[in-house]
Structure formats: C-alpha cells, structure tokens
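Peer 1: Please read through the structure below; I'll follow up with questions.
The values are calculated or read from the model by the stated rules, or taken from the named source; none is laboratory data. In this text, all values refer to a predicted model and were calculated from it rather than measured experimentally. Neighbour counts are summed over all protein chains in view; Cβ atoms, including those assigned to glycine, are modelled from backbone coordinates with ideal geometry. For accessibility, only protein heavy atoms count, side chains too; no ligands or nucleic acids. Shrake-Rupley method; radii C 1.70, N 1.55, O 1.52, S 1.80 Å.
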Amino acid sequence: MDVGELLSFKPEKPSFEPKQKKSREDDEDTGNSRKRRRFDTNASSSTALDSKTRMSEEEKEKIRQMVEAEPDAEAMDETSFKKLLLQFEKRVYKNQEMRIKYPDLPEKFMESEIELNETVHEMHVMATVPEYYQILVDLRCVQSLLQLIGHDNTDISIAVIDLLQELTDPDILNENEETASILVDALMEGQVVAVLVNNLDRLDESVKEESEGVHNTLAIIENMSDFKPEICMDAAQQGLLQWLLKRIRMKSPFDQNKLYSSEILAILLQDTEENRQMLGELDGIDILLQQLATFKKHDPTTKDEMEMMENLFNCMCSALAFPANRSRFLRGEGLQLMNLMLREKKQSRNSAVKVLNHAMTGIEGQDNSQKFVEILGLRSMFPLFMKTPKQTKTGPTQDELEEHICSIIASMLKNTQSTPRQRLLLKFTENDHEKVERLLELHFKYLDKVRQCDDQIERQKMQLKHNGEEVDDDMEDDFYLRRLDSGLFTLQLIDYIMLETCASGAPSIHSRVMQILNMRGGSVKVIRGIMREYAGNIGDAKDPVAKEAEQDRILALVDKF
C-alpha cells in the first residue's frame with residue numbers, strides 16, 4: 001500500500017444497526033414510533049429483496065435447526081466488561097501517542113486508528129449489561145468517549161456517537177434506572193451536549209455517514225431528556241437551542257434531520273420556562289414564523305413534513321407561554337400570518353387556531369386580542385365557530401378545536417376595549433342571532449358530555465364507599481380534572497361567553513338565550529352553577545389579588561344573568 005492509498009483509507013465500518021437488534025412492543029404506540037427514526041431505505045429495493053429471499057419450508061427448517069444447534073453466546077460478565085474497557089483505553093492512548101509522534105505521517109498512525117475503530121464497535125455489547133455502567137463511569141471511560149467525539153477522524157467520532165446512542169437507549173435506561181442515572185449524570189457532568197453540538201458544526205450532512213451521525217447525536221439528546229427531563233435547560237444553555245434554530249432555518253431540501261431537529265426543539269420548550277425565554281432572546285419567534293409561513297398556501301407533501309409542521313406549531317404554542325414572547329409574536333406579525341392561514345383553509349388552519357388561542361389567553365394577551373379584531377380577524381374566526389373544521393391527520397381534534405375557538409372568543413371578550421369590543425358583541429346579533437343559537441347548541445352538546453362523566457364518577461364513588469374506602473381531596477381533584485377533560489372546561493368557556501354577551505351586548509341577545517333555553521328545557525340555574533364552580537377554580541395562584549378580582553367579576557356576571 002503506497003502513501004496515497006493510506007491517506008485516502010477510511011476504516012470499514014460494520015453495518016451495525018442497534019435499534020433493530022430487538023423488537024419492541026411499544027413500536028405500536030404513536031408516541032414512541034416518532035422517536036429515534038432510522039434513515040429510510042429505498043422501498044423498491046426492499047420489495048426486490050423480499051422476492052429474492054423467499055424460501056421453501058425445507059430451507060426454513062434447515063436454517064432453524066442450524067440456529068438451534070449453535071451454542072449460546074456467553075453473556076458478558078464483569079471481568080470481560082473490564083477487559084474490554086482496558087483494551088479500549090489502551091488503544092485510545094496508543095492512537096494519541098502515534099498521532100502526536102507522527103502528525104504528518106498518516107501511514108504511521110493509521111493502524112492504531114483502525115484498531116480503535118474496531119474496539120469502539122465491539123463496545124456495543126456493553127449495552128446488553130447496563131448493570132455494569134457504574135464500572136464504565138468509575139474507570140473514567142466516559143471522559144475518553146467524550147474526547148473521542150472531537151477526534152480528527154470523523155469515522156471515529158461517528159462510531160462513538162453511535163455507541164453512546166446505543167448505551168442510552170430509552171428501554172435500557174428505563175429498565176435500569178439506578179445504573180442508567182449514573183451514566184447520564186456522568187455524561188452531563190462532562191458537558192456532553194456542548195461536546196456534541198461543537199461536533200455537529202463540522203459534520204457534512206451531504207455525506208450519508210455524517211448525516212447519520214447528526215441524526216444519532218439528536219437521538220442521544222432525546223434519549224437523555226426522556227429519561228431526565230430536567231436536563232433540557234442545561235442542554236439548551238450548552239448551545240443546543242441555538243444550533244436547532246440554525247438547522248431548522250437552513251435552506252435545504254426537507255430531510256429527516258430537519259424533522260428530528262423540530263422534534264427536539266419542541267421537547268426543549270415543552271416544560272422549561274428558561275428555554276422559552278432563551279428562544280425569544282435568540283429571535284426564535286421570528287425564525288418559527290418564517291418556517292411556518294411556508295405552509296400558508298401550500299400543504300405538506302409527505303407525512304413526515306406534516307409532522308414537522310405540527311412540531312413547529314407546538315414550538316410556537318410553548319414559546320407563547322412566556323409573556324414576553326407574546327409581544328415578539330405581535331411585532332413579528334404572527335397574528336396576520338395565522339389569520340391568513342385561517343382564510344386559506346389549508347392543513348395549517350387548525351393548528352393556527354391553537355396558536356391564536358395561546359397568543360390571546362390571559363391578561364398578557366390583551367394587545368394580541370385588540371390587534372386581532374383590528375386586522376379583521378373576526379371574519380376568519382366566526383365561520384369556524386359556526387361550523388367546526390374537520391380534523392386533519394395530525395392536528396387538534398374537533399372537540400379540541402371547539403375548545404380553542406371558544407377560548408379565543410372568551411379571551412377577546414375579556415381583553416378588548418371600546419370599538420373592537422363593540423364589533424365583537426355585534427357579531428352575536430347578526431343574521432337573526434345565529435351565533436347565539438350556535439352558542440346554545442354547543443352548550444347542550446357539552447352539558448351532555450359532562451353529565452355522562454358525572455354519572456361515571458358517581459358510580460365510582462358509590463363503589464368506593466361500598467368497599468369501605470373514603471374519597472379524599474386528592475381523589476376529588478382527580479375527578480375534577482376528569483370532568484374538565486370530558487368537556488367541562490369548554491362548557492365553562494361557552495357559558496362565560498353567554499353571560500358576557502347577555503350582560504354587555506344588545507338586550508335581544510339575552511331574550512334569544514332565554515327563548516332557546518325554554519324551548520329545549522334548559523335551566524338558568526344549571527348555567528349559574530357551572531359558572532360559580534368556574535369562579536371557584538379560576539385565577540392565577542401566583543397572584544391572589546388578580547385571582548380574587550377575576551372571581552368577583554364572574555360572580556357579578558352570574559348575578560346579572
């Protein structure tokens with residue numbers, strides 16, 4: 001082998017597919033099926049392969065007998081585990097030594113590089129004995145693995161990333177929590193996310209192996225965040241959030257890594273207030289709006305692209321939970337974009353409704369509520385109120401949409417002033433009070449849902465008493481949450497709109513409400529009871545003054561009704 005061949009040589013990597021080593025019952029589950037995607041192979045080639053690999057029953061029986069005759073492989077014990085780690089450390093040291101000694105002579109250190117690469121691939125077997133992860137940490141091999149992520153040879157780096165993905169497989173972590181926690185803590189202590197993010201910047205995704213390295217890097221982060229959600233804040237602070245935003249806005253054809261980046265971003269923002277704040281400070285609201293604008297007039301072309309769109313909408317909803325991001329959304333003309341989506345009637349429409357709900361809810365949504373009426377948003381919203389759109393493949397359900405739409409109208413009634421408020425109230429008198437009729441139609445629909453839930457809860461309480469068990473406060477809280485999920489929250493919003501429009505709107509609104517209630521056997525007493533219960537459970541626990549003021553306002557509306 002001459003010098004040219006040595007310089008161009010790359011160690012052959014075994015076709016190791018750790019995720020396919022064991023079948024999972026959880027693959028049937030929608031949540032798990034979205035995680036840890038592997039790159040799709042060509043469907044036509046797999047079909048051709050199937051036709052070539054059809055075999056007779058005799059051949060199948062012969063193979064089965066050969067497999068049964070094969071002696072079982074010895075399970076790795078503690079001694080062989082330590083031996084493998086020792087071999088790994090020796091080869092790491094040897095490779096470092098040869099590279100330092102002969103930095104400009106690849107033919108001198110290439111053999112040590114091949115040996116190191118082979119050892120890293122052999123270490124995948126360690127994932128079968130997670131009870132020995134403590135040894136991996138005690139022998140400081142975690143630090144060696146983290147150092148190798150930045151190895152000059154990207155093949156070594158990608159091999160280590162693949163190994164770490166296998167070691168942090170969610171099934172392994174969840175089934176061995178104590179030892180898995182030791183490994184994850186050691187990785188986080190070694191700033192694993194910062195190391196991985198620094199490495200991402202040098203990987204060329206146009207090269208298949210390096211593109212898979214990016215995908216596996218994101219899988220490691222997902223695995224650890226699933227196991228320990230509290231690491232999401234550290235991950236964002238170590239540069240991951242900034243990299244994800246950069247990757248999402250990259251002008252390149254849609255691929256699995258862009259989809260995966262949107263999913264990891266949604267995970268980081270889901271429950272971490274600090275990450276939402278950081279997103280706003282990194283101009284993340286504008287970046288999300290730019291990416292969502294693609295779906296204003298064009299539907300996603302594939303299932304994966306549809307999933308990415310929903311991930312971006314979920315990111316926006318999470319980000320808007322941080323009050324300062326509402327102002328950024330307003331300045332970035334997010335309301336105008338969502339309003340256009342409502343009018344275009346594309347697959348993005350239903351998720352745009354969800355985003356508008358998050359933008360306008362609460363006292364922080366005052367400016368957005370006012371602006372939405374000013375940009376003629378009522379013309380887009382009320383047709384959806386009159387006829388709920390059909391559910392898309394991945395968006396909110398029809399019941400969720402009705403909840404979002406009613407919440408938006410309730411927020412506008414709370415947050416708008418002067419002319420915008422009058423325009424909103426006038427909507428309920430148009431076309432012979434058709435919107436009042438729709439409001440009562442929804443009231444009876446959700447009242448039936450809640451009554452069915454109440455009947456189930458009563459039967460459960462009777463069963464508990466029959467068994468000699470008491471219904472404590474925790475159980476009562478669980479029952480109330482069940483009622484909210486069954487439609488009570490939507491019913492409360494509907495009845496709030498009813499009370500607010502009757503109190504502030506034209507007298508004919510109240511007359512029509514009473515007329516429909518009498519025709520359908522409804523009861524004012526029932527509505528008052530629902531709203532008193534609503535008042536008793538509403539408000540911001542962090543601000544008792546605001547909570548009390550809101551309760552008093554709702555009870556005043558009840559007295560007027």
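Peer 1: Looking at the range 421-514, what helices (runs of 4 or more DSSP H) fall wholly within it and have at least 1 residues that are in contact with a Lys or Arg (Cβ under 6 Å, 6 or more places away or on another chain) and farther than 29 Å from Gln370 by Cβ?
Peer 2: 430-466
Peer 1: Just one of (1) over 30 Å from the mean Cα position of the chain (by Cα); (2) in contact (Cβ under 8 Å) with a residue 24 or more places away in the chain trips up Tyr480, so point out which.
Peer 2: It is condition (1) that Tyr480 fails.
Peer 1: Please verify whether Glu344 is over 25 Å from Glu281 (Cβ atoms) and free of Cβ contacts under 8 Å to residues at least 60 places away in the same chain, treating the condition exactly as stated.
Peer 2: yes
Peer 1: For the range 117-148, how many residues are under 21 Å from Lys94 (Cα atoms), assigned to a helix (DSSP H, G or I), open to solvent by 10 Å² or more (accessible area, probe 1.4 Å) and in contact with a Lys or Arg (Cβ under 9 Å, 6 or more places away or on another chain)?
Peer 2: Of the residues in that region, 2 qualify.
Peer 1: Separate question: All but one of (1) on the phi < 0 side of the Ramachandran plot; (2) open to solvent by 30 Å² or more (accessible area, probe 1.4 Å); (3) not in a helix (DSSP H, G or I) hold for Pro389, so report the exception by its number.
Peer 2: Only one criterion is unmet by Pro389, namely (2).
Peer 1: While we're here: Any residue that is hydrophobic (A, V, I, L, M, F, W, C), in a helix (DSSP H, G or I), within 30 Å of Leu426 (Cβ to Cβ) and touching a Cys at 6+ places or on another chain (Cβ under 8 Å) - is there at least one of those in the range 534-555?
Peer 2: Within the range 534-555 (the criterion being hydrophobic (A, V, I, L, M, F, W, C), in a helix (DSSP H, G or I), within 30 Å of Leu426 (Cβ to Cβ) and touching a Cys at 6+ places or on another chain (Cβ under 8 Å)), the answer is no, since none of the residues qualifies.
Peer 1: Here's a check for you: in the range 418-466, which residue that is over 26 Å from Met360 (Cα atoms), within 33 Å of the chain's Cα centre (by Cα) and basic (Lys, Arg) is least open to solvent (accessible area, probe 1.4 Å)?
Peer 2: Per the criteria, the residue is Lys449.
Conditions (1) modelled with pLDDT of 95 or more; (2) crowded, with 20+ Cβ neighbours inside 10 Å; (3) aromatic (Phe, Trp, Tyr), marked per residue:
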site: Leu173; (1), (2), (3): no, yes, no
site: Glu177; (1), (2), (3): no, no, no
site: Ser181; (1), (2), (3): no, no, no
site: Gly190; (1), (2), (3): no, no, no
site: Leu196; (1), (2), (3): yes, yes, no
site: Asp204; (1), (2), (3): no, no, no
site: Glu209; (1), (2), (3): no, no, no
site: Thr217; (1), (2), (3): yes, yes, no
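Peer 1: Let me ask you something else. Considering Asn415, Asn357, which residue is open to solvent by less than 50 Å² (accessible area, probe 1.4 Å) and at pLDDT 95 or above?
Peer 2: Asn357
Peer 1: Further question on the same structure: Give me the pairs, please: first residue somewhere in the range 168-186 and under 16 Å from Leu146 (Cα atoms), second residue anywhere and outside any loop (DSSP other than H, G, I, E, B) and among the polar types (S, T, N, Q), beta-carbon distance under 6 Å, and either six or more positions apart or on two chains.
Peer 2: Final answer for the pair search is Thr168/Asn223; Ile182/Gln134.
Peer 1: On to the next question. List the number of the failed condition for Arg349; all other conditions in (1) at pLDDT 95 or above; (2) buried (at least 20 other Cβ atoms within 10 Å of the Cβ); (3) not aromatic (Phe, Trp, Tyr) hold.
Peer 2: Looking at each condition in turn, Arg349 falls short on (1).
Peer 1: Filter the range 280-332 down to the residues that are small (Gly, Ala, Ser) and over 16 Å from Asn368 (Cβ atoms), then identify the one that is most open to solvent (accessible area, probe 1.4 Å).
Peer 2: Ala293
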